[in-house]
Structures are given as C-alpha cells and as structure tokens.
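Okay, structure first, notes after.
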Amino acid sequence: MINPRIDGVATQGKLLPTIIDELARDDPNGLWMEYPSSLSTFDAGFNQITYAELANSVNGVANCITSALGREDTGEPLAWLAPNSPLCSITLIAAMKAGFKVC
C-alpha cells in the first residue's frame, strides 16, 4: 500500500526519526500500526498506534536510553534483544534518535 505522506520525494535525505516527527506533526491521528491484542489468537482484536503515539514513545525511549547510558551521538552500536512487538521497532528508532548505530 502506497502512503503519499512518505513518498520518496518527501522523505529524501531525511532520517527515520525526523520523518516520524513530521508525520506526528502533520497527521497525529494517522495510523502507524495495528497489532494483535493477544499472542495466541486474532479473536481478541487489535490494538492501534498512531503517529503521535509513535513519536511520543520514541522520544520517551530515546530519553531513557540516553539517561541510562549517559551518552549520545557516539555512533556506538547498541544491542537490544526482545520479542517481536511494536516495542522492538520503537526501541530501534529511539536508538537512532539517541545517536546510536543501528545495524
């Protein structure tokens, strides 16, 4: 599915955290993700995360990373192991925003 808000022209040369901040500013209630409420069945429904909620979560996690590790913009790699969930994507983007190398 093509999203005109994130086409190649609008995002060219921008880092992912910047694109997310712009989407949160321009379309705060836009849907970023839906994920199952239950790990075992789809019958329980789905939770949704908007661009505003994503940007807020990324900023909070980036602040926690920076506060806990006491450094930023070092380009050092940051390892994080977690189950497949929205938190995984949020944490990776937050690490980018905090200045860590994400491979």
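Give me Asp27, Asp21, Asp43 sorted ascending by neighbouring Cβ count inside 10 Å, so fewest comes first.
Arranged by neighbour count, lowest to highest, Asp27, Asp21, Asp43 become Asp43, Asp27, Asp21.
Taking amide H as placed 1.01 Å from N in the peptide plane, Thr50 has its amide H under 5 Å from the amide H of Trp32, each at least 5 places away in sequence or on another chain.
From the residues Pro77, Ser37, Ala94, which one has its Cα farthest along the dipole of the stretch 17-97 in the positive direction, the dipole being from +1 and -1 charges on Cβ of Lys/Arg and Asp/Glu about the Cα centre? Positive-end residue among those listed: Pro77. By the count of neighbouring beta-carbon atoms within 10 Å, fewest first, Val58, Val102 end up ordered Val102, Val58.
Using θ = phi - 60° in the Karplus curve 6.51 cos²θ - 1.76 cosθ + 1.60, the 3J(HN,Hα) couplings for the stretch 59-66 round to 4, x, 5, 4, 5, 5, 4, 5 Hz; x is entered for Gly and Pro.
Label positions at Thr18 and Lys101, each projected 7 Å from the Cα along the C-beta direction, are separated by 2.1 nm.
Ranked by how many other Cβ atoms sit within 10 Å of their own Cβ, fewest first, the residues Ile20, Ile65 fall in the order Ile65, Ile20.
Coordinate-derived values only; no laboratory data. Source: prediction; values computed, not measured. Virtual Cβ from ideal backbone geometry, glycine too; neighbours counted across all protein chains shown.
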